[in-house]
Amino acid sequence: MAATTTTSADTLGDESFMSADALRSYMTDMEMANVSKELTAMGKADEARNELVRTLQEKVYVTPKKIAEIKQSLAIKTRAAAASGQTEVMVMRFPNSLCTDSGRAINNAEKDWPETLTGRPRQAYEFWREHLQPAKYKLKAMIVEWPGGLPGDVAFFLSWS
């Protein structure tokens, strides 16, 4: 049998066999494609987060109907949590950029942390103070995410214990 000459791609059975150089080039192309996908996803996540911040900076027009809707929603959440033996429920989560100090006062449990709130988080705090605190509900704010070791999202927890 005579040997046949081949190029950089030989055939092994039915599959194409790549040279080491071609395989390294393929790996580089795949890594670059994956990085591109990750950057695109990160960009989309940043856009979504920025849109969320813009939305949460806008105050909600509070009407008696809106107050009734919020109370109904909270009643459903608190009853479901209580039925499963819980004594608190997360009622809001938001980026720390909605705090004038990026969540520092909340993280340090400073007495005046509510003064750092802006937008809808501020409205949520005021709603608790006016409607829920008189009914003996407690509100706890805490940092719930630490991207890169720095304060990230803040959450409000409503408790009844």
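Each residue of the stretch 143-152 was assigned a 3J(HN,Hα) from its phi angle through the Karplus expression (A = 6.51, B = -1.76, C = 1.60, θ = phi - 60°), giving 6, 10, 9, 10, x, x, x, 10, x, x Hz with x at Gly and Pro.
The simple spin-label model puts a point 7 Å past each Cα toward its Cβ; for E126 and K66 those points are separated by 1.0 nm.
Under the convention that each Lys and Arg Cβ holds +1 and each Asp and Glu Cβ holds -1, the size of the dipole of the chain around its Cα centre is about 1520 debye.
If the segment from A109 to M142 were pulled out straight at 0.36 nm per residue, it would be longer than the present Cα-Cα gap by 11.1 nm. Residues whose amide H falls under 5 Å from that of V144, counting only those 5 or more places apart or on a different chain, are G152, D153, V154, A155, with hydrogens built in the peptide plane. Kindly provide the helix-only [θ] at 222 nm of the chain, computed as the sum of -39,500 (n - 2.57) over DSSP H runs of four or more divided by all residues, to the nearest 500 deg cm²/dmol? One gets -15000 deg cm²/dmol as the mean residue ellipticity at 222 nm.
Scoring 54-66, 135-147 by mean Cβ neighbours within 10 Å over their residues and listing the highest first yields 135-147, 54-66. What is the sum of charges, Lys and Arg at +1 and Asp and Glu at -1, for the other residues whose Cβ falls under 15 Å from the Cβ of S97? Net local charge, S97 excluded: -1. Charge tally for A81 (other residues, Cβ to Cβ under 15 Å; Lys, Arg +1; Asp, Glu -1): +3.
Each of S19, L74, P64 was scored by the projection of its Cα onto the charge dipole of the chain, and the greatest displacement toward the positive side belongs to P64; charges sit on the C-beta of Lys, Arg, Asp and Glu.
Under 5 Å between amide hydrogens, built in the peptide plane, is the criterion, and for V91 it picks out F156, F157, L158 among residues at least 5 positions away or on other chains. Of D46, D29, D21, the residue with the greatest mean-square motion in the GNM of the chain, using alpha carbon springs below 10 Å, is D21. With a cut-off of 12 Å between beta carbons, the residues surrounding K44 carry a summed charge of -2, where Lys and Arg count +1 and Asp and Glu -1. For the stretch 55-69, the Karplus equation 6.51 cos²θ - 1.76 cosθ + 1.60, evaluated at θ = phi - 60°, returns couplings of 5, 6, 6, 7, 6, 8, 6, 8, 10, x, 5, 5, 4, 5, 4 Hz by residue, with Gly and Pro reported as x. With R₀ set to 22 Å, the beta-carbon distance separating R93 from K37 gives a calculated FRET efficiency near 0.25.
Laboratory data are not the source of any read-out in this text; all were calculated from the coordinates shown. Just so we're clear, the structure is a prediction, and the values are computed from it rather than from any experiment. Cβ sites come from the backbone with ideal geometry, for glycine too, and all protein chains shown count toward neighbours.
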